Amino acid sequence: MTSLFEVMPAETAVDTPVRKLTVNVNGKQETLKVEPRLLLAHMIRQALGLTGTHVGCDTTNCGACTVLFDGAPVKSCTMFAVQADGHDITTVEGLASASELDPIQEGFKDEHGLQCGFCTPGMMLSAKALLTENPNPTEDEVRWALSGNLCRCTGYQNIVKAVLLAAESLQHQEASKDEGETL
């Protein structure tokens, strides 16, 4: 192999081991043949073409590569793709529907929780995991949940405000849904 990832031909060289894996990415089942050394971030970006997952440091320090693995945030730059076999992966592309943004994305837009945008996908997925577990977090809880993600542009205040706005929006959606069910 000459690069971190190449699509495996139908017949592979004897000296290149490959593993077949099946993973559910953003609700879609994908079956791929990959080298055992392939990182999950590279599978997501190159094999699946989902370039919202960014690789910033290759050491789990920055969090730009954060995805949800069975609902929990993980750093995909230090996880092997074969470890995802049989699991659910959510990337930033899986947050929105075709017609509308997820409340987390709306929050980042409305509160200007981004500048260059490089860290934003990882921040959003960490926020998604937090709000799934704790729909009404405090500012300190948001800061703690995002502590594994680095942003070099915004100073974090707008990011925290964006997550809190998303929490509020999700609570209103849930209240509206509950109100509709009682009528």
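The values are calculated or read from the model by the stated rules, or taken from the named source; none is laboratory data. Just so you know, these numbers come straight off a predicted model, no measurement behind them. With ideal geometry, Cβ positions are generated from the backbone for all residues, glycine too; neighbour counts draw on all protein chains shown.
The single condition among (1) in contact with a helix residue (DSSP H, G or I) (Cβ under 7 Å, 6 or more places away or on another chain); (2) part of a loop (DSSP other than H, G, I, E, B) that residue 116 does not meet is (1). Based on this model, can you work out whether residue 70 counts as modelled with pLDDT of 95 or more, surrounded by fewer than 16 Cβ atoms within 10 Å (Cβ to Cβ), assigned by TED's automatic domain parsing to the domain that holds residue 49 and of a type in the set (D, E, K, R)? The answer is yes for residue 70. Can you find a residue that is modelled with pLDDT of 95 or more, surrounded by 12 or more Cβ atoms within 10 Å (Cβ to Cβ) and farther than 30 Å from residue 151 by Cβ anywhere in region 21-28? Yes, some residue in region 21-28 is modelled with pLDDT of 95 or more, surrounded by 12 or more Cβ atoms within 10 Å (Cβ to Cβ) and farther than 30 Å from residue 151 by Cβ. For region 145-172, the set of residues classified as touching a residue at least 60 places away in the same chain (Cβ under 8 Å) and either hydroxyl-bearing (Ser, Thr, Tyr) or assigned by TED's automatic domain parsing to the domain that holds residue 71 (or both) consists of 169 only.
Please find, within region 122-136, the residue that is surrounded by the most Cβ atoms within 10 Å (Cβ to Cβ) out of those that are part of a helix (DSSP H, G or I) and free of Cβ contacts under 8 Å to residues at least 40 places away in the same chain. Filtering first and then ranking leaves 127.
Residues of region 97-150 that are within 20 Å of residue 54 (Cα to Cα) and among the small types (Gly, Ala, Ser): 113, 117, 122, 126, 127, 129, 145, 147, 148.
Can you find a residue that is more than 23 Å from residue 70 (Cβ to Cβ), outside any helix (DSSP H, G or I) and without any contact (Cβ under 8 Å) to a residue 12 or more places away in the chain anywhere in region 137-144? Within region 137-144, one or more residues are more than 23 Å from residue 70 (Cβ to Cβ), outside any helix (DSSP H, G or I) and without any contact (Cβ under 8 Å) to a residue 12 or more places away in the chain.
Right, residue 117: buried (at least 21 other Cβ atoms within 10 Å of the Cβ), closer than 21 Å to residue 162 by Cβ and not polar (S, T, N, Q) or not? So residue 117 fails the test.
Residue 58 meets each of the listed conditions (1) assigned to a loop (DSSP other than H, G, I, E, B); (2) under 23 Å from residue 19 (Cβ atoms); (3) in contact with a Lys or Arg (Cβ under 8 Å, 6 or more places away or on another chain) apart from (3).
Across region 73-93, not a single residue is classified as at pLDDT below 95, within 22 Å of residue 56 (Cβ to Cβ) and part of a loop (DSSP other than H, G, I, E, B).
Residues checked against (1) touching a residue at least 40 places away in the same chain (Cβ under 8 Å); (2) surrounded by fewer than 20 Cβ atoms within 10 Å (Cβ to Cβ):
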| residue | (1), (2) |
| --- | --- |
| 46 | yes, yes |
| 55 | no, yes |
| 74 | no, no |
| 87 | yes, yes |
